[in-house]
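The values are calculated or read from the model by the stated rules, or taken from the named source; none is laboratory data. None of these values were measured; they are calculated from a predicted model. Glycine gets a Cβ as well: all are built from the backbone with ideal geometry, and neighbour counts include every protein chain shown. Remember, those area values only see protein heavy atoms, side chains included, never the ligands or the DNA or RNA. Shrake-Rupley method; radii C 1.70, N 1.55, O 1.52, S 1.80 Å.
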Amino acid sequence: MSGAINYVSCGLLWIGLLVKLPALIRHWSEASLRAINGVLALASLCFLFGAPASVRLINRVSGVPNLAAPLTYASITAYSAALLLMIACWRGGPSLRRTTLSWAYGYTAVLAGIAVLFVLGDAGEERRSDFDTYYATTPWISEMVVLYLVAHVTAVTVSAVWSLRWGFEAEVRERPWLRASLLTIGAGTVISSGYSISKLIAVVARWTGRDWAVLGTSLPPLCAGLGAVLTVVGVLLPMVGHHLSAWRDFFRLAPLDAVLDPVLTERALRVERPRSPFLWGTWRWSTIHNGLHAIETLYDATLYDATLDTELARTGDWARASSAAWAATIAAAVRRSTEPPSEPAGAPARLSPPRDAASLVLIADAVKRTGRETWAVEPRPAEARSV
C-alpha cells in the first residue's frame, strides 16, 4: 500500500476511536469495550508504522537503523492479540477470564521476545521494504522475524476459526448485525493470514538458498491492508448496526408516539429531543415508556381480548393480532385519560404491555396499518380536565 493509503486508513481509525472514547471513559470496566478500542488503536499503529515515510522518520530520528521494523512487528502482534481478546469477550462464557489471561500473557511474552531478539541481533543496514527476507539468515534477527510471523498467523487463524464458527451458529442468525460482523472479521482474518504465510515462505526460501524476496514484499502489504480493512469494518459493524437500528426504531415508533402524545403533553412527560441523532431512538423509546406507565391503570382487558380474538380469527397471526389488540387498548386508555372521570366501559385490567423495542415497533406498525385517524385522540379543553 502507498503511504497515502496508510495515513488515510490510520486517520479513519482515529475517528472511530474518538467516537468510541466517551463510551470507554464511562464504562472502563467493560472488557469488550476495552478490547474494541484496543483493536482500533493498534490497527491504526500498524498502518502508521508501516508507511514508508514513517519507517524513514523513525529510523532517522531514533538513530537506530531498522528500529521501525520491531515497532511495526510489535504493533501487528499486539493488534492480533487484541482481536483475539475482543472475540473472546464478545462470546463470553465461564472460561472467559482464563482464556483472555492466557492469550494476554502469551502475546506479552511474544512482544518481549521481539524486543530482546532485536537488541541481541545485528541489523545495521537499513532495509525499508525487505527487512524480513534480507535478515532471514542473520542470527537473532531471523528468530525475531519467525517469532512475530508465527504469532501473527496463529492469532489470525484462531480469530478466523472462532468468528466463522460462531457466525454460522443458529443463535447468531437472529442477530444479523453480529453475524455480519463475525463473518466480515472471519473473511478479514483469513486474508490477513496471507501476510504472514507469504513472508514465512519467503524466509524459508532464503534458508534454502533461494531468493523469493518479491513474495515477501509485494503480496504481504496487499493481504495486510485488505485484511485489516475488512477486520476493522467487522469490528465497527455492531456499533453502526446499533445506531442504524435505533434510527429505524425512531421513525417506526412515530405512530405510537403520536397516539400517546395527548398524555405526554398534558402531563409534561415529553422531554426535549436530544441534539445528538445517535440518541433519538433511545429518546423516543423512553418517551413511549413514560406514556405507557402513565396509563397503566386504564387498560381494558375486555377490549384487548375482543380485539385479539377478532384479529386472530382474521389473520391467523398471533403476533400481528396481539400488536393490533395492544394498539386498540392503548388508544382507548389514552382516550379515557383525557376524558372527564367516568365509570369504565369495560372491565378494569391488570395488563402490562410489552416494553421491548421490537414489540413496541410491532404495535406502532399496527397503528400505522389501521390509520392514525382511528387512534387519534382530541385533547380536551383545559377547563374540562380533571385536576
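A few notes on this one:
- Counting only helices (runs of 4 or more DSSP H) wholly contained in the stretch 166-283, the ones carrying 1 or more residues that are closer than 27 Å to residue 76 by Cα, modelled with pLDDT under 90 and within 16 Å of the chain's Cα centre (by Cα) occupy 176-207, 219-252.
- Extreme residue, surrounded by the most Cβ atoms within 10 Å (Cβ to Cβ), among residues of the stretch 245-254 that are of a type outside the set (D, E, K, R) and in contact (Cβ under 8 Å) with a residue 40 or more places away in the chain: 253
- Output for the stretch 297-319, where each listed residue is touching a helix residue (DSSP H, G or I) at 6+ places or on another chain (Cβ under 7 Å) and touching a residue at least 24 places away in the same chain (Cβ under 8 Å): 298, 299, 300, 303, 304, 319
- When the residues of the stretch 7-41 are filtered to those that are basic (Lys, Arg) and either at pLDDT 85 or above or more than 12 Å from the chain's Cα centre (by Cα) (or both), the one that is farthest from residue 88 (Cα to Cα) is 26.
- Odd one out for residue 377, checked against (1) under 33 Å from the mean Cα position of the chain (by Cα); (2) closer than 14 Å to residue 259 by Cβ; (3) at pLDDT below 90: (1)
- Summed over the stretch 43-92, residues that are open to solvent by 40 Å² or more (accessible area, probe 1.4 Å) and either hydroxyl-bearing (Ser, Thr, Tyr) or within 19 Å of the chain's Cα centre (by Cα) (or both) total 4.
- Among the residues of the stretch 284-312, those identified as surrounded by 18 or more Cβ atoms within 10 Å (Cβ to Cβ), in a helix (DSSP H, G or I) and hydroxyl-bearing (Ser, Thr, Tyr) are 287, 304, 307.
- Being in a helix (DSSP H, G or I) and crowded, with 21+ Cβ neighbours inside 10 Å is a property that residue 6 has.
- Taken over the stretch 124-165, the criterion of being open to solvent by 70 Å² or more (accessible area, probe 1.4 Å), assigned to a loop (DSSP other than H, G, I, E, B) and β-branched (Val, Ile, Thr) is satisfied by 137 alone.
- Within this structure, residue 230 passes the test of being in contact with a Gly (Cβ under 8 Å, 6 or more places away or on another chain), hydrophobic (A, V, I, L, M, F, W, C) and open to solvent by 10 Å² or more (accessible area, probe 1.4 Å).
- Residue 20 meets each of the listed conditions (1) in contact with a Lys or Arg (Cβ under 9 Å, 6 or more places away or on another chain); (2) over 27 Å from residue 146 (Cβ atoms) apart from (1).
- Filter result for residue 237 (in contact with a Phe, Trp or Tyr (Cβ under 7 Å, 6 or more places away or on another chain), over 20 Å from residue 354 (Cα atoms) and either aliphatic (A, V, I, L, M) or open to solvent by less than 30 Å² (accessible area, probe 1.4 Å) (or both)): yes
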